[in-house]
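Everything below concerns the one structure shown next.
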Amino acid sequence: MSGRMTGIAPHLPGPNEIEGRSPLLGGVAPEFQMRDEEGNFVTLRRLIRQRPLLLYFYRGGW
Amino acid sequence: MYLSQLRQFYWEARGLGIDIVGAANDTPETNKELRERLDLPFTLLSDPEGEIAKLYGAFHKDEPSGRNIARVSVFLIEQADAGGRIAWEYVGPTARHRVALSRLSEEIQTFMGHTRQVVSVVVPSPWQVERTIREFQNPPLGLYRTPPAEELNESVVLVYRDYTRELAMLSHAEVHRLANEGWRLVNAVPEFEGDVAIGQRHVFERDNSRSVSNQEDSP
(Lines give C-alpha, C1' and ligand atoms only; values in the text may rest on other atoms or scores of the structure.)
Protein backbone atom coordinates (compact mmCIF):
# COMPACT_ATOMS: atom_id res chain seq x y z
CA MET A 1 0.00 0.00 0.00
CA SER A 2 1.28 3.47 -0.69
CA GLY A 3 0.06 6.99 -0.48
CA ARG A 4 0.53 9.70 2.04
CA MET A 5 -2.39 10.29 4.37
CA THR A 6 -2.96 13.99 4.77
CA GLY A 7 -5.13 15.92 7.09
CA ILE A 8 -5.51 13.18 9.68
CA ALA A 9 -4.90 13.58 13.34
CA PRO A 10 -1.17 12.83 13.46
CA HIS A 11 0.30 9.50 14.48
CA LEU A 12 0.15 8.68 18.15
CA PRO A 13 2.45 11.09 19.99
CA GLY A 14 3.79 10.01 23.35
CA PRO A 15 2.13 11.48 26.44
CA ASN A 16 5.23 13.43 27.37
CA GLU A 17 4.82 15.48 24.26
CA ILE A 18 2.24 17.51 26.11
CA GLU A 19 3.89 20.63 27.41
CA GLY A 20 4.27 20.57 31.15
CA ARG A 21 3.02 17.04 31.65
CA SER A 22 5.26 14.41 33.24
CA PRO A 23 4.45 10.84 32.28
CA LEU A 24 2.82 8.75 34.98
CA LEU A 25 3.97 5.53 33.32
CA GLY A 26 5.44 3.11 35.84
CA GLY A 27 4.16 5.03 38.83
CA VAL A 28 1.38 3.93 41.12
CA ALA A 29 -1.96 5.05 39.70
CA PRO A 30 -3.39 7.91 41.78
CA GLU A 31 -6.19 6.77 44.05
CA PHE A 32 -9.57 8.32 43.36
CA GLN A 33 -13.19 8.30 44.40
CA MET A 34 -15.83 9.10 41.79
CA ARG A 35 -19.59 8.65 41.67
CA ASP A 36 -21.14 6.11 39.32
CA GLU A 37 -24.43 6.66 37.50
CA GLU A 38 -26.42 5.82 40.61
CA GLY A 39 -24.47 8.32 42.69
CA ASN A 40 -22.52 5.68 44.59
CA PHE A 41 -18.85 6.29 45.25
CA VAL A 42 -16.43 4.02 43.41
CA THR A 43 -12.75 3.89 44.32
CA LEU A 44 -9.78 2.87 42.21
CA ARG A 45 -8.78 0.44 44.95
CA ARG A 46 -12.01 -1.46 44.55
CA LEU A 47 -11.87 -1.37 40.74
CA ILE A 48 -8.43 -2.96 40.56
CA ARG A 49 -8.91 -5.41 43.39
CA GLN A 50 -9.59 -8.33 41.07
CA ARG A 51 -8.25 -7.35 37.65
CA PRO A 52 -6.40 -4.63 35.77
CA LEU A 53 -8.36 -1.61 34.68
CA LEU A 54 -8.55 0.58 31.65
CA LEU A 55 -9.51 4.09 32.75
CA TYR A 56 -10.80 6.16 29.85
CA PHE A 57 -11.35 9.90 30.10
CA TYR A 58 -13.68 10.43 27.17
CA ARG A 59 -15.06 13.39 25.24
CA GLY A 60 -18.13 13.27 23.05
CA GLY A 61 -21.44 11.62 23.82
CA TRP A 62 -21.36 9.16 20.93
CA MET B 1 -11.63 5.60 19.50
CA TYR B 2 -14.80 7.03 20.92
CA LEU B 3 -17.26 5.82 23.50
CA SER B 4 -19.60 3.67 21.42
CA GLN B 5 -16.68 1.76 19.92
CA LEU B 6 -16.03 0.49 23.42
CA ARG B 7 -19.48 -1.07 23.57
CA GLN B 8 -18.18 -4.03 21.61
CA PHE B 9 -14.51 -3.73 22.60
CA TYR B 10 -15.48 -4.03 26.27
CA TRP B 11 -16.17 -7.74 25.78
CA GLU B 12 -12.82 -8.27 24.09
CA ALA B 13 -11.19 -6.49 27.03
CA ARG B 14 -13.05 -8.63 29.57
CA GLY B 15 -12.00 -11.70 27.59
CA LEU B 16 -8.41 -10.50 27.96
CA GLY B 17 -8.98 -10.16 31.69
CA ILE B 18 -9.28 -6.42 32.19
CA ASP B 19 -12.13 -4.11 33.12
CA ILE B 20 -13.02 -0.73 31.61
CA VAL B 21 -14.52 2.40 33.14
CA GLY B 22 -15.16 5.76 31.54
CA ALA B 23 -14.87 9.12 33.28
CA ALA B 24 -15.84 12.66 32.34
CA ASN B 25 -16.72 15.95 34.00
CA ASP B 26 -20.45 15.30 33.81
CA THR B 27 -22.91 14.57 36.58
CA PRO B 28 -24.05 11.04 37.47
CA GLU B 29 -27.46 11.91 36.01
CA THR B 30 -25.93 12.88 32.65
CA ASN B 31 -23.77 9.77 32.70
CA LYS B 32 -26.76 7.59 33.43
CA GLU B 33 -28.62 9.01 30.45
CA LEU B 34 -25.57 8.64 28.22
CA ARG B 35 -24.91 5.09 29.32
CA GLU B 36 -28.50 4.09 28.63
CA ARG B 37 -28.61 5.92 25.32
CA LEU B 38 -25.41 4.31 24.07
CA ASP B 39 -26.20 0.98 25.74
CA LEU B 40 -22.76 0.79 27.33
CA PRO B 41 -21.83 -2.30 29.32
CA PHE B 42 -19.38 -0.42 31.55
CA THR B 43 -19.64 2.21 34.25
CA LEU B 44 -19.33 5.93 33.59
CA LEU B 45 -17.82 7.84 36.49
CA SER B 46 -18.41 11.46 37.34
CA ASP B 47 -15.46 13.84 37.76
CA PRO B 48 -17.38 17.10 37.73
CA GLU B 49 -14.53 19.45 38.66
CA GLY B 50 -11.87 17.60 36.69
CA GLU B 51 -10.03 16.85 39.94
CA ILE B 52 -9.31 13.26 38.98
CA ALA B 53 -8.29 14.23 35.46
CA LYS B 54 -5.87 16.68 37.12
CA LEU B 55 -4.40 13.88 39.24
CA TYR B 56 -3.72 11.95 36.06
CA GLY B 57 -2.19 14.92 34.28
CA ALA B 58 -5.04 14.82 31.80
CA PHE B 59 -6.73 18.08 32.54
CA HIS B 60 -7.01 21.43 30.86
CA LYS B 61 -9.18 24.49 30.90
CA ASP B 62 -11.49 24.50 27.91
CA GLU B 63 -11.58 27.74 25.92
CA PRO B 64 -13.70 29.80 25.81
CA SER B 65 -16.12 28.22 28.28
CA GLY B 66 -13.55 28.08 31.08
CA ARG B 67 -14.79 24.63 32.07
CA ASN B 68 -12.30 22.16 33.51
CA ILE B 69 -12.28 19.12 31.29
CA ALA B 70 -10.13 16.09 30.80
CA ARG B 71 -8.00 15.48 27.77
CA VAL B 72 -9.09 12.35 25.94
CA SER B 73 -6.83 9.79 27.54
CA VAL B 74 -6.51 6.17 28.53
CA PHE B 75 -4.62 4.60 31.43
CA LEU B 76 -3.99 0.89 31.75
CA ILE B 77 -3.66 0.18 35.48
CA GLU B 78 -2.28 -2.98 37.05
CA GLN B 79 -4.31 -5.07 39.43
CA ALA B 80 -3.77 -4.00 43.06
CA ASP B 81 -1.74 -7.03 44.12
CA ALA B 82 0.52 -6.60 41.07
CA GLY B 83 1.35 -3.06 42.23
CA GLY B 84 -1.49 -0.91 40.88
CA ARG B 85 0.91 0.95 38.62
CA ILE B 86 0.17 2.62 35.31
CA ALA B 87 1.37 0.14 32.72
CA TRP B 88 0.44 2.21 29.70
CA GLU B 89 -0.97 5.65 29.16
CA TYR B 90 -2.02 7.79 26.27
CA VAL B 91 -3.01 11.43 26.74
CA GLY B 92 -4.14 13.23 23.63
CA PRO B 93 -2.75 16.74 23.11
CA THR B 94 -6.11 17.64 21.59
CA ALA B 95 -9.46 15.89 21.53
CA ARG B 96 -8.70 14.98 17.91
CA HIS B 97 -5.80 12.78 18.98
CA ARG B 98 -7.47 9.49 19.74
CA VAL B 99 -5.88 6.11 20.19
CA ALA B 100 -7.11 3.49 17.75
CA LEU B 101 -8.84 0.46 19.20
CA SER B 102 -6.36 -1.78 17.45
CA ARG B 103 -3.50 0.01 19.19
CA LEU B 104 -5.28 -0.28 22.52
CA SER B 105 -5.90 -3.98 21.97
CA GLU B 106 -2.24 -4.48 21.09
CA GLU B 107 -1.11 -2.76 24.29
CA ILE B 108 -3.51 -4.77 26.43
CA GLN B 109 -2.49 -8.09 24.91
CA THR B 110 1.19 -7.27 25.42
CA PHE B 111 0.51 -6.17 28.98
CA MET B 112 -1.37 -9.40 29.71
CA GLY B 113 1.60 -11.40 28.43
CA HIS B 114 0.05 -12.76 25.25
CA THR B 115 2.65 -13.87 22.74
CA ARG B 116 0.33 -14.77 19.87
CA GLN B 117 -1.53 -11.52 19.34
CA VAL B 118 -4.46 -10.68 17.09
CA VAL B 119 -5.90 -7.27 16.32
CA SER B 120 -8.40 -6.17 13.76
CA VAL B 121 -9.15 -2.86 12.10
CA VAL B 122 -12.44 -2.04 10.46
CA VAL B 123 -11.91 0.40 7.62
CA PRO B 124 -15.30 1.94 6.90
CA SER B 125 -16.27 2.61 3.32
CA PRO B 126 -16.54 6.32 2.40
CA TRP B 127 -20.27 5.75 1.93
CA GLN B 128 -20.54 4.40 5.45
CA VAL B 129 -18.65 7.38 6.84
CA GLU B 130 -21.08 9.82 5.26
CA ARG B 131 -24.05 7.70 6.30
CA THR B 132 -22.83 7.70 9.92
CA ILE B 133 -22.57 11.49 9.82
CA ARG B 134 -26.08 11.87 8.34
CA GLU B 135 -27.59 9.43 10.82
CA PHE B 136 -26.14 11.28 13.79
CA GLN B 137 -28.58 14.03 12.91
CA ASN B 138 -31.37 11.75 11.84
CA PRO B 139 -31.10 8.18 13.12
CA PRO B 140 -33.38 5.59 11.56
CA LEU B 141 -35.62 3.66 13.89
CA GLY B 142 -33.78 1.13 16.01
CA LEU B 143 -30.43 2.90 16.06
CA TYR B 144 -29.12 4.57 19.17
CA ARG B 145 -30.84 7.83 19.83
CA THR B 146 -29.04 11.07 19.20
CA PRO B 147 -28.15 13.30 22.11
CA PRO B 148 -30.98 15.46 23.42
CA ALA B 149 -31.96 18.17 20.98
CA GLU B 150 -30.54 20.95 23.13
CA GLU B 151 -27.10 19.36 22.82
CA LEU B 152 -27.38 18.74 19.12
CA ASN B 153 -26.33 22.15 17.93
CA GLU B 154 -24.52 22.83 14.70
CA SER B 155 -21.05 22.86 16.20
CA VAL B 156 -21.58 19.44 17.79
CA VAL B 157 -22.71 18.05 14.46
CA LEU B 158 -19.66 19.52 12.71
CA VAL B 159 -17.34 18.18 15.38
CA TYR B 160 -18.94 14.75 15.06
CA ARG B 161 -18.51 14.94 11.29
CA ASP B 162 -14.83 15.78 11.61
CA TYR B 163 -14.20 13.09 14.19
CA THR B 164 -16.03 10.48 12.15
CA ARG B 165 -13.95 11.26 9.08
CA GLU B 166 -10.75 11.37 11.08
CA LEU B 167 -11.47 8.04 12.69
CA ALA B 168 -11.98 6.59 9.22
CA MET B 169 -8.59 7.98 8.19
CA LEU B 170 -7.09 6.69 11.41
CA SER B 171 -8.30 3.22 10.47
CA HIS B 172 -6.34 3.47 7.21
CA ALA B 173 -3.30 4.70 9.13
CA GLU B 174 -3.62 1.76 11.51
CA VAL B 175 -3.60 -0.74 8.66
CA HIS B 176 -0.39 0.91 7.40
CA ARG B 177 1.15 0.95 10.86
CA LEU B 178 0.42 -2.70 11.61
CA ALA B 179 1.75 -3.80 8.23
CA ASN B 180 4.91 -1.70 8.71
CA GLU B 181 5.48 -3.02 12.21
CA GLY B 182 5.63 -6.62 11.08
CA TRP B 183 2.09 -7.80 11.76
CA ARG B 184 0.85 -10.38 9.31
CA LEU B 185 -2.43 -9.71 7.54
CA VAL B 186 -4.34 -12.95 7.93
CA ASN B 187 -7.74 -11.93 6.68
CA ALA B 188 -9.66 -9.07 5.10
CA VAL B 189 -13.40 -9.54 5.01
CA PRO B 190 -16.43 -7.33 4.51
CA GLU B 191 -17.82 -5.96 7.75
CA PHE B 192 -21.59 -6.02 8.01
CA GLU B 193 -24.10 -4.09 10.03
CA GLY B 194 -27.18 -6.25 9.58
CA ASP B 195 -27.05 -7.08 5.90
CA VAL B 196 -25.33 -3.87 4.86
CA ALA B 197 -21.59 -4.04 4.12
CA ILE B 198 -20.13 -1.01 5.89
CA GLY B 199 -16.46 -1.57 5.23
CA GLN B 200 -13.61 -4.03 5.45
CA ARG B 201 -12.24 -5.77 8.53
CA HIS B 202 -8.50 -6.40 8.39
CA VAL B 203 -7.26 -9.04 10.81
CA PHE B 204 -3.58 -8.98 11.79
CA GLU B 205 -1.54 -11.45 13.77
CA ARG B 206 1.93 -11.48 15.25
CA ASP B 207 4.13 -13.55 17.51
CA ASN B 208 5.42 -11.19 20.18
CA SER B 209 7.39 -13.60 22.35
CA ARG B 210 10.60 -11.59 22.33
CA SER B 211 8.94 -8.33 23.38
CA VAL B 212 6.72 -9.93 26.01
CA SER B 213 9.64 -11.61 27.73
CA ASN B 214 10.91 -8.13 28.60
CA GLN B 215 7.75 -7.28 30.50
CA GLU B 216 8.45 -6.84 34.19
CA ASP B 217 4.93 -7.50 35.25
CA SER B 218 4.24 -10.74 33.40
CA PRO B 219 2.47 -13.28 35.59
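The values are calculated or read from the model by the stated rules, or taken from the named source; none is laboratory data. The shown structure was predicted, so the numbers you read here are calculated from the model rather than taken from an experiment. All Cβ positions, glycine included, derive from the backbone under ideal geometry; neighbour counts span all protein chains shown. All accessible areas refer to the heavy atoms of the entire protein, side chains included, with ligands and DNA or RNA removed. Shrake-Rupley method; radii C 1.70, N 1.55, O 1.52, S 1.80 Å.
Couple of notes before you dig in:
- Some residue of the range B:48-65 being at the interface with chain A (Cβ under 8 Å from one of its Cβ atoms), open to solvent by less than 10 Å² (accessible area, probe 1.4 Å), part of a loop (DSSP other than H, G, I, E, B) and not aromatic (Phe, Trp, Tyr): yes
- Condition met for B:HIS114 (surrounded by 14 or more Cβ atoms within 10 Å (Cβ to Cβ), farther than 24 Å from B:VAL72 by Cβ, out of contact with any His (no Cβ under 7 Å at 6 or more places or on another chain) and modelled with pLDDT of 80 or more): yes
- Of all residues in the range B:88-109 being open to solvent by 20 Å² or more (accessible area, probe 1.4 Å) and outside any loop (DSSP other than H, G, I, E, B), the one that is farthest from the other protein chains (Cβ to nearest Cβ): B:LEU101
- When residues of the range B:166-192 are limited to those that are in contact with a Gly (Cβ under 9 Å, 6 or more places away or on another chain) and charged (D, E, K, R), the one modelled with the lowest pLDDT: B:GLU166
- Residues of the range B:69-87 that turn out to be part of a strand (DSSP E or B) and either closer than 12 Å to B:PHE111 by Cα or at pLDDT 90 or above (or both), as a count: 8
One line per residue, one yes/no per condition, for (1) crowded, with 16+ Cβ neighbours inside 10 Å; (2) more than 7 Å from chain A (Cβ to nearest Cβ):
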site: B:GLN5; (1), (2): yes, yes
site: B:GLY22; (1), (2): yes, no
site: B:ASN25; (1), (2): yes, yes
site: B:THR30; (1), (2): yes, yes
site: B:PHE75; (1), (2): yes, no
site: B:ASP81; (1), (2): no, yes
site: B:ILE86; (1), (2): yes, no
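- Per this entry, B:LEU40 is not counted among residues that are under 25 Å from A:ASN40 (Cα atoms) and within 7 Å of chain A (Cβ to nearest Cβ).
- Residues in the range A:24-47 that are facing another protein chain (nearest Cβ under 7 Å) and either more than 26 Å from B:GLU36 (Cβ to Cβ) or touching a residue at least 40 places away in the same chain (Cβ under 8 Å) (or both): A:LEU24, A:LEU25, A:GLY26, A:GLY27, A:VAL28, A:ALA29, A:PRO30, A:ARG45.
- Residues located in the range B:168-213, provided they are closer than 25 Å to B:TYR2 by Cβ, open to solvent by 40 Å² or more (accessible area, probe 1.4 Å) and β-branched (Val, Ile, Thr): B:VAL189, B:VAL196
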